[in-house]
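Heads up: the structure comes next, in structure tokens.
We did not get these values from a lab; they are worked out from the coordinates using the rules stated. As the structure is a prediction and not an experimental result, all values here were calculated from the model. Reconstructed Cβ throughout: ideal geometry from the backbone, glycine too, with neighbour counts over all protein chains shown.
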Amino acid sequence: MDFDLGAAGFCGVLLTGGTAARMDGIDKSGLELGGRTLLEISLDAFLDADEVVVVGPPTVPTARPVTFTREDPPFGGPVAGLLTGVDALLRPARLIGVLAVDMPHVSSDTFRRLRTACAGRDGAFLVDETGRRQLCGVLDAAALARVRPGLQRQHNMALRALLVDLDLAELPGIGNEPRDIDTWADLRDHDA
């Protein structure tokens, strides 16, 4: 299946509700880099999206219209966040982008490359130099619906377990794209 990058049907789910355990539990979406919050930077990555759902507390303001929602119970992990975000979409989507808010080097170009890479597949995810899949990808909505678990299995389910039966392309990151901010040292060294 080929995807027209300009066609409607690409929506984004931005995950901001993690525990940030290695950063004293702070809300990472409010951290600033170059005078902009991680939330603002991450929303720029969804420039081409018809709609964006932010899964996490609405504690950081944004100029872009987005829908804020929260998984129940909170801190349910990336699968709970992704599926809660998909459920909150107001428009039908053929492709769903998912991104963790702590990946400030992901751009709209990253998502364009991911959408191209997933043509004929169930999705595509960014991988780092070791081949480790990052929390940045694009999924075919129909494929996601096929593997979606019951609500009771969403909380703390590993993303790898949800996606195990899908045909996913792996897209090597360019430069710092696959780097995330998990510690205060990561924040300090984010451009290194």
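Whole-Hz ³J(HN,Hα) for each residue in the range 82-98, computed from phi via Karplus 6.51 cos²θ - 1.76 cosθ + 1.60 with θ = phi - 60°, x for glycine and proline: what do you get?
Coupling constants for the range 82-98: 4, 5, 5, x, 4, 5, 8, 4, 8, 10, x, 10, 7, 10, 10, x, 10 Hz.
Which far-off residues, 5 or more places away or on another chain, put their amide H under 5 Å from the one on VAL54, with H placed in the peptide plane?
LEU14, THR67, PHE68, THR69
Does the range 10-188 come out rounded, prolate or oblate by the C-alpha gyration tensor, with a ≥ b ≥ c the root eigenvalues, rounded set by a/c under 1.5 and, if not, prolate when a/b is larger than b/c and oblate if not?
Rounded shape, in that the Cα axes give a/c under 1.5.
Please give the net charge around THR37, taking every other residue with its beta carbon less than 10 angstrom from that of THR37, where Lys and Arg add +1 and Asp and Glu add -1.
Value of the local net charge: -1.
Give the order of HIS155, HIS105 when sorted by the count of other beta carbons within 10 angstrom, beginning with the fewest.
HIS155, HIS105
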